[in-house]
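Encoded as C-alpha cells, the structure appears first; notes follow it.
Every number in this text was worked out from the coordinates using simple rules, so none of it is lab data. Just so you know, these numbers come straight off a predicted model, no measurement behind them. Cβ: placed from backbone, ideal geometry, glycine included. Neighbour counts: every protein chain shown.
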Amino acid sequence: MDFAYSDRCQALREKLLQFMDAHIYPNERAYKEEVDRNGHEQGNRWLPTQIIEDLKPIARAQGLWNLFLPQSPRAPEGLSNLDYAPLCEIMGRIPWAPEVFNCSAPDTGNMETIERYGSEEHKRQWLEPLLRGEMRSAFAMTEPDVASSDATNIGTRIERRGDDYVINGRKWWISGAGDPRCKIFILMGKTDPEAPRHAQQSMILVPAETPGITIVRPLSVFGYDDAPHGHCEIIFDNVRVPASNMLLGEGRGFEIAQGRLGPGRIHHCMRAIGTAERALELMCRRLDSRVAFGRKISEQGVWRERIAESRIMIDSARLLVLKAAYMMDTVGNKVAKTEIAMIKVLAPNVAQQVIDWAIQAHGGGGVSDDFPLAQLWAHNRTLRLADGPDEVHRNAIAKLELAKYVSLPGESLDLPVTRQ
C-alpha cells in the first residue's frame, strides 16, 4: 500500500496549512466572541458568523473548496479518500474550520448521499446549492424513544398518501438543524413495519420549511450548545412531502445508510487525528513553559512518557485511517468495512486520551474556556456515540474476525447502521 501524498494533495496541504496560520488560528478567539455577541446583542446565538462567511470566498478562490467529494462531475475539485485524509485532519484542528472550506458535517455526508442516490432533480434543487455553500442541511436519524444504536428500532413513520408521503415522529441530536441556513433534511424512517427487518426503513428528503416541523430545543453537550451549528430535538407532525422526494425507493434506507455512513465515519476519524495533534501541540508548549519543583514540567519523566505515548498512538491511528481510506478508494466501502469499524473505535479514543493528558498538563486552565481543550474534549467525546457507539463497532469487528475461523449462523456481517 502506498500512502504517499500525491503531488496535488501535497500542494493543497501546503496551501491549507498557510490558510490555517493566516486566517483560522488567529480568529479562534474572535469566533467564540462573535457567537457570544450574537447571543447578547442580537438575542440569537444561531446566527451565522461573519468570520466564517468572510473566509469562505477566500478559501474558494484558493481552490480549498469541496475537497471531500470524489468522482462527482459537479465537484471536480473533489479528492480521493486517501488524498483528502491529510487535509481533513488539518481542518479538524479547529472545530469550526471545516465549514470555511465547505467540508463540514453533516453537509458532506448529505451531499454524498444526494450525489449517489438522488435524482437529477434532487441534485439540481439541493446538491448544487449545497456545493456552492448557499445553504446547509441536516441528517435526521436518531430518536429519543428507542435505542438508535440498532437502526431497525427507528419508529418515525413515513406513510404513502396519494402523491405524497406523510411523516410523523420525533428525532434528536440532529446536528445543524438550528442553523437558519438549514434548508433540507435527509430523514430515515419506517415505511413498512411488516417488511423484512432491513427493508422496513427508507430515506426521504424533507425541506426544512415544510409545515409540521417543530424544533423543540437545542441540546447541549457537556454544557456546550455548539451554536451556531448545534444539535436539536425535532418533532415531525403530519409533515407532507411529494412522493418524488423518496431516495431510491421504499425499503432502501439501510442500503443508503451503508453508503452514507462509511465516508462520514472516516471523515470523523480524520478530524479526530487533527484534534489529537492540536492537543499534543498545546500540551508540549504548556509543559515547556511551566516550572514545578525546580524544573520545567517537560523534563519530568511522567510527562515525557505521556508525550511519547501520544505520538505513538496518534501515528498508529493515522496509519490505520490511511489504510481504510486506501481500501475505500481501491476495493470499496463494503470490503473496507472492518477497517472502517476499527478506525471508528480507535481514532476517537486516541484523541480522547491525548486531550485528557493535555487538560491535565494545563491544570485548572485545561478545564476553562481560556484554552480550547475543554470544548475539544466535549466535542470529541460525542464521536464515541455518533455514527455508532464503540460497542457496536467492536461487535462488528469481532464477528468479522470470528467469521474467518467459525460459523456464525444468522449473523449479519454488514457495517452497523447506527447513529447516537
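Taking 0.36 nm per intervening residue step and subtracting the Cα-Cα distance, what contour gain separates K296 from R37 on full extension?
89.4 nm
Could you grab the relative contact order for the chain? Cα pairs under 8 Å, six or more apart, rounded to a whole percent.
Computed value for the chain: 15 percent relative contact order.
Would you work out which of G223, C284, L205 lies farthest towards the positive end of the dipole of the chain, given +1 charges on the beta-carbon of Lys and Arg and -1 on that of Asp and Glu, about the Cα centre?
Final value for the positive-end residue is C284.
What angle do you read, to the nearest 10 degrees and between 0 and 90, between the alpha-carbon axis of helix 7-19 and the longest principal axis of the chain?
70 degrees
Within segment 326-349, list the residues whose amide N lies under 13 Å from a label point set 7 Å along Cα→Cβ of Q71.
327-335
So how far apart, in nm, are the two label points at A61 and N44 if each is 7 Å from Cα heading toward Cβ?
2.8 nm
Where does each of Y31, Y5 land when they are ranked from fewest to most other beta-carbon atoms within 10 angstrom?
Working: Y31 18, Y5 15.
So the ranking, lowest neighbour count to highest, is Y5, Y31.
Given charges of +1 on the Cβ of Lys and Arg and -1 on the Cβ of Asp and Glu, with all other atoms neutral, how large is the dipole of segment 233-325 about its Cα centre, in debye to the nearest 20?
440 debye
Classify segment 7-131 from the C-alpha gyration tensor, please: rounded if a/c falls under 1.5, else prolate or oblate depending on whether a/b exceeds b/c.
It is oblate, given that a/c is not under 1.5 and a/b is not larger than b/c.
Could you give the nm distance between label points at S368 and E134, where each point is 7 Å from its Cα heading toward the beta carbon?
4.6 nm
Between A140 and residues 5 or more places away or on another chain, which pairs have amide H atoms under 5 Å apart, with H built 1.01 Å from N, and which residues are they?
I186, L187, M188
Test of understanding: what is the full-extension gain from A4 to A308, defined as 0.36 nm times their sequence separation minus their Cα-Cα distance?
Full extension from A4 to A308 adds 107.0 nm.
Is the C-alpha gyration tensor of segment 136-247 telling us rounded, prolate or oblate? Criteria: a/c under 1.5 is rounded; beyond that, a/b larger than b/c is prolate, otherwise oblate.
The shape class here is oblate.
For labels at A195 and R285 in the simple 7 Å Cα→Cβ model, what's the distance in nm?
That separation, rounded to one decimal, is 5.2 nm.
Using helices alone, what [θ] at 222 nm do you get for the chain, with -39,500 (n - 2.57) per DSSP H run of 4 or more residues, divided over all residues and rounded to the nearest 500?
Helix-only estimate at 222 nm: -14000 deg cm²/dmol.
With charges set only on the Cβ (+1 for Lys and Arg, -1 for Asp and Glu), what does the dipole of the chain come to about its Cα centre, in debye to the nearest 20?
The dipole magnitude comes to about 480 debye.
In whole percent, what relative contact order does segment 7-118 give with Cα contacts below 8 Å and a gap of six or more residues?
It rounds to 25 percent for segment 7-118.
Might you report the magnitude of the Cβ-based charge dipole of segment 46-178 about its Cα centre, with Lys and Arg at +1 and Asp and Glu at -1, to the nearest 20 debye?
100 debye
For the chain, with the dipole built from +1 on Lys and Arg beta-carbon atoms and -1 on Asp and Glu ones, taken about the Cα centre, which of T152, L69, A396 lies farthest toward the positive end?
Positive-end residue among those listed: A396.
Is the shape of segment 236-308 best called rounded, prolate or oblate, per the rule: a/c under 1.5 gives rounded, else a/b larger than b/c gives prolate, else oblate, with a ≥ b ≥ c the square roots of the Cα gyration tensor eigenvalues?
Verdict is prolate for segment 236-308.
What list of ³J(HN,Hα) values in whole Hz, one per residue of segment 277-291 in order, does the Karplus curve 6.51 cos²θ - 1.76 cosθ + 1.60 (θ = phi - 60°) give from phi, with Gly and Pro shown as x?
Each residue of segment 277-291 in turn: 4, 5, 5, 5, 4, 4, 4, 5, 5, 5, 4, 7, 9, 10, 10 Hz.
Determine, for K344, K171, the number of other Cβ atoms within 10 Å of each Cβ, and report the residues in order from fewest to most.
Fewest-to-most ranking of K344, K171: K171, K344.
Could you sort out which of K183/K344; K123/K183; K334/K399; K323/K344; K171/K337 sit more than 18 Å apart by Cα distance in this structure?
Listed pairs above 18 Å: K183/K344; K171/K337.
Just the ratio, please: alpha-carbon radius of gyration of the chain over 2.2 N^0.38 Å, N its number of residues.
So the chain has a normalised radius of gyration of 0.99.
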